[in-house]
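Structure record follows, encoded as structure tokens.
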Amino acid sequence: MVGRRVVAMVAVVALVVAAAAAVLAATGRPASADQGGGTRAGTPRIIIDSDLSLWWDDATAIGMANVLQQRGQVRILGIMSDIRNPVAVAAIDAIDTAYGHPKIPLGAVAHSAANTAPHGYSDDLARKLPHAVRSSHDVPPAVPLYRRLLASQPPHSVTLVSIGSYTNLAGLLRSKPDQHSSLGGRALIRAKVKRLVIEDGIFPGGGPPVTNQKLDLASASEVVKGTDWPTPMVWVDGYTGIQTKVGGALCTTVASNNPMRIVYESRFGCGPPGDGDWDGPTTLYAIGGKQGWFTEVGQGGAAYINSVGGLSWRTDPSRPHDLYIRIADQGALNQRIDALLGAK
């Protein structure tokens, strides 16, 4: 993601501020009734693709999605880990289990056993909370799970929420027909996916590559370039999280075994939030649309990725439905996220 990488954000914030001035002129287990959380017909269906391990906002996104599933406002079809930390899926399972959804299918990025990514707070979640998944060895690879989940859904019904690297998405894009579907990856996406909502970029002017691209530049280029992705893409960019400072009350308002508090304490102690939140707004938008918090802009353009992974916004008549969002009411957005993070 963008600014949630504290070190990267030191350089990016100055770029963002200057640009703002210019712009202003399964685990593989079968799904059960538990997974639906009492959802209704027409409830948004999402699959989250996350690099949860180190950055605070991945946890907030997954936690809030679980709360909204409890309330029947979303159906989480699955959650994919896209980082080579084999404990990441155990941490995700711990969050899901804490919110009463232990059967949400989980998938792991290819070669996750290489264990080359930082573990961050994932070890804390796995150590402190109950969970059935112990490592990526206990879950299927992400791409086959994507195919299985998508194949069973109605046409154009699934929103993909990308809050990490592009590895799994590129793998899905190039995947071949299998026992789950006779369609290749691109055709399967076109048939089943409503849109792809991505946390990334600094638009319209652009910025340097950050973690999401650096994790897998080849896959980022494959997903973003030209007209290769067959559904609308909505971008939640680097402006969105800078002032989304949330979670500061968790240490005094929820129990010590609340997964959001565990992550917050691991990252920031019980002090003020030490970083913004990009993935929370991304997930809220993916589930609920604009509501009163966001404004949609950039219509008639699309994201462009350069040779080193930097993203910018360019006019592109071939992608008339792509856009990026801006925050319309920062205070209301922060209040909404804090309320969901503190839900008991």
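Please go through the stretch 75-104 and pick out each residue that is part of a loop (DSSP other than H, G, I, E, B), over 14 Å from Ser50 (Cβ atoms) and not aromatic (Phe, Trp, Tyr). Once the filter is applied, which keeps residues that are part of a loop (DSSP other than H, G, I, E, B), over 14 Å from Ser50 (Cβ atoms) and not aromatic (Phe, Trp, Tyr), the stretch 75-104 yields Pro86, Gly100, His101, Pro102, Lys103. Going through (1) touching a Lys or Arg at 6+ places or on another chain (Cβ under 8 Å); (2) surrounded by 24 or more Cβ atoms within 10 Å (Cβ to Cβ) one by one, Ile95 falls short only on (1). Apart from one condition, Asn115 fits all of (1) of a type outside the set (Lys, Arg); (2) within 21 Å of Leu196 (Cβ to Cβ); (3) at pLDDT below 95; the exception is (2). At least 2 residues being of a type in the set (Lys, Arg) is the threshold, and among the helices (runs of 4 or more DSSP H) wholly inside the stretch 129-245 those reaching it are 142-151, 185-192. Checking each residue in the stretch 198-212 for being closer than 15 Å to Ser162 by Cα and crowded, with 24+ Cβ neighbours inside 10 Å picks out Ile198, Glu199, Asp200, Gly201, Val210, Asn212.
Kindly check whether there is at least one residue in the stretch 108-123 that is of a type in the set (Asp, Glu), crowded, with 22+ Cβ neighbours inside 10 Å and under 22 Å from Ala65 (Cα atoms). Checked the stretch 108-123: no residue is of a type in the set (Asp, Glu), crowded, with 22+ Cβ neighbours inside 10 Å and under 22 Å from Ala65 (Cα atoms).
Residue pairs whose Cβ atoms lie under 7 Å apart, sitting 6 or more positions apart in sequence or on different chains, and linking a residue in the stretch 78-100 that is more than 20 Å from Tyr146 (Cα to Cα) and modelled with pLDDT of 95 or more to a partner that is part of a loop (DSSP other than H, G, I, E, B) and aliphatic (A, V, I, L, M), are Ala94/Leu129; Thr97/Leu129; Ala98/Leu129. Might you let me know whether the stretch 132-148 holds any residue that is touching a Lys or Arg at 6+ places or on another chain (Cβ under 7 Å) and either of a type outside the set (Val, Ile, Thr) or buried (at least 22 other Cβ atoms within 10 Å of the Cβ) (or both)? So far as the stretch 132-148 goes, no, none of its residues is touching a Lys or Arg at 6+ places or on another chain (Cβ under 7 Å) and either of a type outside the set (Val, Ile, Thr) or buried (at least 22 other Cβ atoms within 10 Å of the Cβ) (or both). Take the residues of the stretch 44-75 that are over 15 Å from Pro118 (Cβ atoms) and of a type in the set (D, E, K, R): which is surrounded by the most Cβ atoms within 10 Å (Cβ to Cβ)? Among those residues, the one meeting the criterion is Asp57.
The values are calculated or read from the model by the stated rules, or taken from the named source; none is laboratory data. These numbers were taken from a predicted model, which means no experiment stands behind them. Methodologically, a virtual Cβ is constructed for each residue, glycine included, from the backbone with ideal geometry; neighbour enumeration extends over all protein chains shown.
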